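Notes follow once the structure below has been shown.
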Amino acid sequence: AQSVSQHNHHVILSEAASLELGCNYSYGGTVNLFWYVQYPGQHLQLLLKYFSGDPLVKGIKGFEAEFIKSKFSFNLRKPSVQWSDTAEYFCAVNSPYNQGGKLIFGQGTELSVKP
Amino acid sequence: KAGVTQTPRYLIKTRGQQVTLSCSPISGHRSVSWYQQTPGQGLQFLFEYFSETQRNKGNFPGRFSGRQFSNSRSEMNVSTLELGDSALYLCASSLVDPAYNEQFFGPGTRLTVL
(Lines give C-alpha, C1' and ligand atoms only; values in the text may rest on other atoms or scores of the structure.)
Protein backbone atom coordinates (compact mmCIF):
# COMPACT_ATOMS: atom_id res chain seq x y z
CA ALA A 1 0.00 0.00 0.00
CA GLN A 2 1.09 3.52 -0.71
CA SER A 3 2.60 5.31 2.28
CA VAL A 4 4.34 8.55 3.20
CA SER A 5 7.05 8.78 5.82
CA GLN A 6 8.20 11.96 7.53
CA HIS A 7 11.51 11.51 9.25
CA ASN A 8 11.12 13.88 12.15
CA HIS A 9 8.23 13.97 14.58
CA HIS A 10 9.28 17.16 16.37
CA VAL A 11 11.92 19.69 15.33
CA ILE A 12 13.07 22.57 17.51
CA LEU A 13 15.05 25.41 15.93
CA SER A 14 16.14 28.91 16.83
CA GLU A 15 15.11 31.82 14.65
CA ALA A 16 17.32 32.28 11.57
CA ALA A 17 18.33 28.62 11.54
CA SER A 18 17.89 26.66 8.32
CA LEU A 19 15.17 24.05 8.04
CA GLU A 20 14.96 20.79 6.17
CA LEU A 21 12.09 18.38 6.76
CA GLY A 22 12.34 14.97 5.19
CA CYS A 23 9.58 13.20 3.30
CA ASN A 24 9.72 9.84 1.52
CA TYR A 25 6.90 8.04 -0.24
CA SER A 26 6.46 4.49 -1.41
CA TYR A 27 4.91 4.31 -4.86
CA GLY A 28 6.58 3.64 -8.16
CA GLY A 29 4.07 5.25 -10.49
CA THR A 30 3.21 8.83 -11.30
CA VAL A 31 2.63 10.94 -8.21
CA ASN A 32 1.74 14.48 -7.31
CA LEU A 33 3.40 15.79 -4.17
CA PHE A 34 2.32 18.37 -1.63
CA TRP A 35 3.38 20.05 1.57
CA TYR A 36 0.62 21.38 3.81
CA VAL A 37 1.00 23.46 6.96
CA GLN A 38 -1.29 23.73 9.95
CA TYR A 39 -0.62 26.78 12.12
CA PRO A 40 -1.95 26.62 15.69
CA GLY A 41 -5.71 26.99 15.61
CA GLN A 42 -5.88 27.35 11.85
CA HIS A 43 -6.90 25.30 8.81
CA LEU A 44 -4.59 23.09 6.84
CA GLN A 45 -3.22 25.19 4.02
CA LEU A 46 -1.09 24.38 1.00
CA LEU A 47 2.56 25.46 1.13
CA LEU A 48 3.59 24.11 -2.25
CA LYS A 49 2.92 21.39 -4.76
CA TYR A 50 4.69 19.43 -7.47
CA PHE A 51 2.85 18.00 -10.46
CA SER A 52 5.54 17.95 -13.15
CA GLY A 53 8.41 19.98 -14.60
CA ASP A 54 11.17 21.61 -12.56
CA PRO A 55 11.76 19.36 -9.55
CA LEU A 56 12.64 22.38 -7.41
CA VAL A 57 9.38 24.06 -6.47
CA LYS A 58 8.89 27.26 -4.59
CA GLY A 59 5.96 27.90 -2.32
CA ILE A 60 4.60 30.56 -0.05
CA LYS A 61 6.49 32.23 2.81
CA GLY A 62 9.94 31.38 1.43
CA PHE A 63 9.54 27.61 1.49
CA GLU A 64 10.81 25.35 -1.28
CA ALA A 65 10.96 21.63 -1.89
CA GLU A 66 12.94 19.36 -4.15
CA PHE A 67 11.51 16.25 -5.79
CA ILE A 68 14.16 13.56 -6.22
CA LYS A 69 12.46 10.75 -8.12
CA SER A 70 15.29 8.25 -7.68
CA LYS A 71 15.08 8.64 -3.91
CA PHE A 72 11.27 8.86 -3.72
CA SER A 73 11.80 12.00 -1.69
CA PHE A 74 10.24 15.46 -1.49
CA ASN A 75 12.07 17.36 1.23
CA LEU A 76 10.92 20.77 2.43
CA ARG A 77 13.48 23.53 3.01
CA LYS A 78 13.65 27.10 4.23
CA PRO A 79 16.96 28.96 4.57
CA SER A 80 16.01 31.01 7.63
CA VAL A 81 13.03 30.21 9.86
CA GLN A 82 11.00 32.70 11.84
CA TRP A 83 9.03 32.31 15.04
CA SER A 84 5.85 32.54 12.92
CA ASP A 85 6.82 29.29 11.16
CA THR A 86 5.93 27.37 14.30
CA ALA A 87 3.35 24.90 13.03
CA GLU A 88 2.77 21.30 12.03
CA TYR A 89 3.90 20.34 8.54
CA PHE A 90 2.42 17.51 6.51
CA CYS A 91 3.78 15.89 3.39
CA ALA A 92 1.14 14.33 1.12
CA VAL A 93 1.03 12.33 -2.08
CA ASN A 94 -1.62 11.35 -4.57
CA SER A 95 -1.41 8.97 -7.49
CA PRO A 96 -3.69 10.61 -10.03
CA TYR A 97 -4.04 7.68 -12.41
CA ASN A 98 -4.86 5.12 -9.72
CA GLN A 99 -6.53 6.94 -6.90
CA GLY A 100 -7.54 10.34 -8.19
CA GLY A 101 -7.52 13.08 -5.62
CA LYS A 102 -7.08 10.83 -2.58
CA LEU A 103 -4.26 12.32 -0.53
CA ILE A 104 -2.01 10.05 1.51
CA PHE A 105 -0.51 12.09 4.35
CA GLY A 106 2.60 11.58 6.40
CA GLN A 107 2.33 11.64 10.18
CA GLY A 108 3.35 15.27 10.35
CA THR A 109 6.33 17.13 11.77
CA GLU A 110 5.81 19.61 14.54
CA LEU A 111 8.17 22.57 14.17
CA SER A 112 8.86 24.81 17.15
CA VAL A 113 10.89 27.96 16.49
CA LYS A 114 12.40 29.65 19.53
CA PRO A 115 12.62 33.47 19.35
CA LYS B 1 -14.27 34.62 -1.46
CA ALA B 2 -15.54 32.56 1.46
CA GLY B 3 -13.58 29.45 2.34
CA VAL B 4 -14.80 25.96 3.06
CA THR B 5 -17.27 25.97 5.92
CA GLN B 6 -18.10 23.06 8.16
CA THR B 7 -20.92 22.73 10.65
CA PRO B 8 -21.11 22.14 13.46
CA ARG B 9 -17.61 22.99 14.67
CA TYR B 10 -17.89 20.89 17.83
CA LEU B 11 -20.07 17.92 18.62
CA ILE B 12 -20.39 15.60 21.59
CA LYS B 13 -22.21 12.29 21.17
CA THR B 14 -22.49 9.04 23.08
CA ARG B 15 -21.66 5.55 21.86
CA GLY B 16 -24.31 4.04 19.65
CA GLN B 17 -25.69 7.34 18.41
CA GLN B 18 -25.37 8.59 14.87
CA VAL B 19 -24.09 11.93 13.63
CA THR B 20 -24.28 14.02 10.47
CA LEU B 21 -21.60 16.54 9.57
CA SER B 22 -21.99 19.19 6.90
CA CYS B 23 -19.58 20.82 4.51
CA SER B 24 -20.10 23.76 2.17
CA PRO B 25 -17.34 24.02 -0.43
CA ILE B 26 -15.92 27.22 -1.85
CA SER B 27 -18.36 28.71 -4.32
CA GLY B 28 -17.89 27.12 -7.73
CA HIS B 29 -15.98 24.11 -6.43
CA ARG B 30 -17.50 20.83 -7.52
CA SER B 31 -15.39 18.29 -5.67
CA VAL B 32 -15.53 17.56 -1.95
CA SER B 33 -13.32 15.16 -0.03
CA TRP B 34 -13.48 14.12 3.61
CA TYR B 35 -10.61 13.23 5.94
CA GLN B 36 -10.37 12.01 9.51
CA GLN B 37 -7.58 13.38 11.70
CA THR B 38 -6.58 11.65 14.94
CA PRO B 39 -3.39 11.84 17.03
CA GLY B 40 -2.73 8.13 16.53
CA GLN B 41 -3.59 7.59 12.86
CA GLY B 42 -2.97 11.08 11.50
CA LEU B 43 -4.92 12.25 8.45
CA GLN B 44 -6.82 9.51 6.68
CA PHE B 45 -8.95 9.76 3.55
CA LEU B 46 -12.63 8.91 3.91
CA PHE B 47 -14.25 9.64 0.54
CA GLU B 48 -14.37 11.98 -2.45
CA TYR B 49 -17.43 13.29 -4.26
CA PHE B 50 -17.73 15.00 -7.59
CA SER B 51 -21.03 16.06 -9.17
CA GLU B 52 -23.01 14.07 -6.60
CA THR B 53 -21.09 10.85 -7.32
CA GLN B 54 -18.71 9.12 -4.96
CA ARG B 55 -15.54 8.67 -6.97
CA ASN B 56 -13.22 7.32 -4.35
CA LYS B 57 -13.47 5.70 -0.93
CA GLY B 58 -10.97 5.06 1.84
CA ASN B 59 -10.67 2.05 4.14
CA PHE B 60 -13.36 2.85 6.65
CA PRO B 61 -16.24 0.62 7.75
CA GLY B 62 -19.68 0.96 6.23
CA ARG B 63 -20.81 2.98 9.25
CA PHE B 64 -19.18 5.93 7.53
CA SER B 65 -21.16 7.23 4.59
CA GLY B 66 -21.54 10.45 2.70
CA ARG B 67 -23.36 12.21 -0.05
CA GLN B 68 -23.15 15.32 -2.17
CA PHE B 69 -26.02 17.52 -3.23
CA SER B 70 -26.60 19.29 -6.53
CA ASN B 71 -25.23 22.55 -5.05
CA SER B 72 -21.99 20.67 -4.21
CA ARG B 73 -22.64 20.79 -0.46
CA SER B 74 -21.75 17.51 1.19
CA GLU B 75 -22.69 15.63 4.29
CA MET B 76 -21.08 12.70 6.00
CA ASN B 77 -22.85 10.39 8.38
CA VAL B 78 -21.45 8.07 11.01
CA SER B 79 -23.84 5.54 12.46
CA THR B 80 -23.49 3.49 15.65
CA LEU B 81 -20.73 5.70 17.00
CA GLU B 82 -17.74 4.12 18.73
CA LEU B 83 -15.24 5.74 21.09
CA GLY B 84 -12.60 5.46 18.38
CA ASP B 85 -14.60 7.71 16.09
CA SER B 86 -13.57 10.69 18.21
CA ALA B 87 -11.59 12.82 15.79
CA LEU B 88 -11.36 16.01 13.80
CA TYR B 89 -13.25 15.54 10.53
CA LEU B 90 -11.95 17.72 7.73
CA CYS B 91 -13.64 18.59 4.50
CA ALA B 92 -11.68 19.78 1.47
CA SER B 93 -13.00 21.24 -1.76
CA SER B 94 -11.46 21.48 -5.18
CA LEU B 95 -12.51 23.35 -8.29
CA VAL B 96 -12.70 20.26 -10.45
CA ASP B 97 -10.56 17.15 -10.36
CA PRO B 98 -8.69 17.10 -7.01
CA ALA B 99 -6.04 14.88 -8.54
CA TYR B 100 -4.61 17.91 -10.33
CA ASN B 101 -5.98 20.82 -8.40
CA GLU B 102 -5.33 22.24 -4.96
CA GLN B 103 -7.64 21.01 -2.25
CA PHE B 104 -8.77 23.74 0.17
CA PHE B 105 -9.46 22.53 3.68
CA GLY B 106 -12.11 23.70 6.10
CA PRO B 107 -11.66 24.21 9.84
CA GLY B 108 -13.05 20.79 10.68
CA THR B 109 -15.69 19.40 12.99
CA ARG B 110 -14.36 18.14 16.30
CA LEU B 111 -16.39 15.04 17.24
CA THR B 112 -16.13 13.64 20.74
CA VAL B 113 -17.77 10.29 21.47
CA LEU B 114 -18.38 9.51 25.15
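Couple of notes before you dig in:
- Average beta carbon contacts from partner chains per residue of A:94-101, 10 Å cutoff: 6
- Along each principal axis, Cα extent of the range A:4-59, largest first, Å: 37, 22, 21
- When accessible surface is computed with a 1.4 Å probe, chains A and B are found to bury approximately 1600 Å² between them, both chains counted.
- Percent of beta bridges antiparallel (DSSP, chain B, rounded to nearest 5): 90
- Once the C-beta distance of B:R15 and A:I12 is scaled by a Förster radius of 30 Å, the resulting FRET efficiency is 0.20 to the nearest 0.05.
- The Cβ shell under 15 Å around A:L19 holds other residues with a net charge of -2, Lys and Arg each +1, Asp and Glu each -1.
- Cross-link reach is defined here as a Cα-Cα straight distance under 20 Å, omitting same-chain residues fewer than 8 places apart; for A:K114 the aspartates and glutamates meeting it are A:E15, A:E20, A:D85, A:E88.
- Chain B, relative contact order [Cα under 8 Å, separation at least 6], %: 36
- Summary value for chain A: 37 percent relative contact order, contacts being C-alpha pairs under 8 angstrom separated by 6+ residues.
- Taken about its Cα centre, the protein assembly as shown carries a charge dipole of roughly 360 debye when the Cβ of each Lys and Arg holds +1 and the Cβ of each Asp and Glu holds -1.
- Across the range A:16-115, counting alpha-carbon atoms alone, Rg and Dmax equal 13.4, 44 Å.
- Net charge over other residues, Cβ less than 12 angstrom from the Cβ of A:N75 (K, R count +1; D, E count -1): 0
- Over the C-alpha trace of the protein assembly as shown, radius of gyration and Dmax come out as 17.5, 51 angstrom.
- Antiparallel DSSP beta bridges within chain A, percent to nearest 5: 85
- Across q = 0.14, 0.25, 0.28, 0.29 Å⁻¹, the range B:1-40 modelled as identical point scatterers on its alpha-carbon atoms has Debye log10 I(q)/I(0) values of -0.45, -1.03, -1.12, -1.15, in the order of the q list.
- Taking Lys and Arg as +1 and Asp and Glu as -1, the other residues whose beta-carbon sits under 14 Å from that of A:S112 total -3.
- Distance in nm between pseudo-label sites at B:Q54 and B:N71 (7 Å out along the Cβ direction from Cα): 2.4
- Each listed q (0.17, 0.29 Å⁻¹) maps to a log10 I(q)/I(0) for the range A:45-98, found by the Debye formula over equal Cα scatterers with no solvent: -0.59, -1.40.
- Share of carbon and sulfur in the accessible heavy-atom surface of the range A:72-115 [1.4 Å probe, %]: 52
- From the C-alpha gyration tensor of chain B, square roots of 5λ in Å: 23, 14, 13
- Heavy-atom accessible surface of chain B: percent carbon and sulfur, 1.4 Å: 49
The values are calculated or read from the model by the stated rules, or taken from the named source; none is laboratory data. Here the structure is a predicted model, which is why all the values come from computation and not from measurement. Cβ: placed from backbone, ideal geometry, glycine included. Neighbour counts: every protein chain shown. Surface accessibility is based on the protein's heavy atoms, side chains included, excluding ligands, DNA and RNA. Shrake-Rupley method; radii C 1.70, N 1.55, O 1.52, S 1.80 Å.
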